[in-house]
Amino acid sequence: MDTYKEWRHVFKLDPNKPIGDDAVEKICESGTDAVIVGGTDGVTLDNTLYLLSRIRQHAVECALEISNIDAVTPGFDYYFIPTVFNSCNTDWLIGRHHEAVKVFGETINWDEVVMEGYCILNPEAKAAKLTAADTELNGEDVASYAMMAEKMFNLPVFYIEYSGQFGDMDKLRKVKDKLQQTRLFYGGGINNAERAKLAAEYADTVVVGNAIYDNLKVALKTVRAVKSVTL
Ligand code: 1GP
């Protein structure tokens, strides 16, 4: 159990983006530690199931990052649930979670649930707009959220999200300095091996998303790049 605590490199596949079987196979057999299925919009039960069935042809671990409660299905190893620490709207902090637990609380297998304290820092990211994230944060602000995630809320994961943009590695370093137990996930703009290595200097788990769709060959190279760095 809790194998996600060992993940160093992860690919994130978006159910709302078309991808061929050949590419899914390359991703799953790349040596990555896991595949996370998740996206901000257009995630449905149909496209989630379709992607899951193709990933499950392979042995790689697979998690669903929940953005739409209607698209949740059994069959994943883990269910990652984001709570956006820097959202200005409590819906994204606890509101939607409350609604979901009211309906499904008794049937959820809590052993498979992994809570992620999210901090979204690219103002242009769809997720930042959707959640009304306050992205104007300095290193101390972000590091303090990280400390809250670990010390106040005991969260297993703190996720620095720059989706679509390569982030400020100095902020990532400041965050890493504050965390002992909570795993640090980083995602955003990793579209070559150099960036993958830079993020791997501080993040426990490096997440690669868009590069899969933009340049699969280069995306695949991020696996070895991340794993060449020892934390
Ligand atoms: C998105 O953090 C992931 O949720 C990865 O970001 O798509 O920019 O690689 P990119």
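Bear in mind that the values in this text are calculations on the coordinates, not laboratory data. Predicted model, so just to flag it, every value in this text is computed and none were measured. Please note: Cβ atoms are built from the backbone with ideal geometry, for glycine as well, and neighbour counts cover all protein chains shown.
In angstroms, what radius of gyration and Dmax does the range 78-137 have, counting Cα atoms only?
12.7, 39
Which percent, nearest 5, of DSSP beta bridges in the range 61-209 are antiparallel? Could you put the intermediate results ahead of the total?
Numbers: 1 of 23 bridges.
Given both bridge residues lie in the range 61-209, the antiparallel proportion sits at roughly 5 percent.
Pairs of Cα atoms under 8 Å, at least six residues apart: use those to get the relative contact order of the range 6-111, whole percent.
So the answer I get is 21 percent.
To make sure I understand the rule: partners must be lysines, Cα under 27 Å from the Cα of residue 197, and not fewer than 8 residues away in the same chain. Which ones qualify?
Correct list for residue 197: 5, 12, 17, 26, 126, 171, 174, 176, 178, 217, 221, 227.
When the C-alpha atoms of the range 139-186 are aligned to their principal axes, what extent does each axis show, in angstrom, from largest down?
Each principal axis gives a Cα extent; for the range 139-186 these are 29, 18, 14 Å.
Could you give each residue of the range 95-102 its phi-based ³J(HN,Hα) in whole Hz, using Karplus coefficients 6.51, -1.76, 1.60 with θ = phi - 60°, and x for Gly or Pro?
Calculated HN-Hα couplings, in order: x, 5, 5, 4, 4, 5, 6, 4 Hz.
Determine which residues of the range 161-186 fall in the zone a paramagnetic label at residue 129 would reach in this model, i.e. backbone nitrogen under 20 Å from the point 7 Å along Cα→Cβ.
Label zone hits: 161-167.
Under the rule a/c < 1.5 gives rounded, and otherwise a/b versus b/c splits prolate from oblate, where does the chain land using the Cα gyration tensor?
Rounded is the answer for the chain, as its axis ratio a/c remains below 1.5.
Give the peptides 103-116, 13-26, 201-214 in descending order of average Cβ contacts within 10 Å, highest first.
So the peptides 103-116, 13-26, 201-214, ranked by packing, come out 201-214, 13-26, 103-116.
I need the phi-derived Karplus couplings for the range 17-23: 6.51 cos²θ - 1.76 cosθ + 1.60, θ = phi - 60°, integer Hz, Gly and Pro marked x.
Calculated HN-Hα couplings, in order: 10, x, 8, x, 4, 4, 5 Hz.
Would you work out the relative contact order for the chain, in percent, from Cα pairs under 8 angstrom that are 6 or more residues apart? Intermediate values should be presented prior to the final figure.
Working: 442 pairs, mean separation 40.6, N = 231.
Relative contact order here is 18 percent.
State the answer as a single residue: which of 88, 146, 113 lies farthest towards the positive end of the charge dipole of the range 65-187, with beta carbon charges of +1 for Lys and Arg and -1 for Asp and Glu, about the Cα centre.
The residue sitting farthest along the positive end of the dipole is 146.
With only Lys, Arg, Asp and Glu charged, each at its Cβ (+1 for the first two, -1 for the last two), find how big the charge dipole of the chain is about the Cα centre; round to the nearest 20 debye.
On the way: 24 positive and 34 negative charges, 121 e Å.
Here the chain has a charge dipole of around 580 debye.
How big is the gap, in Å, between the Cα center of the range 1-22 and the Cα center of the range 138-184?
21
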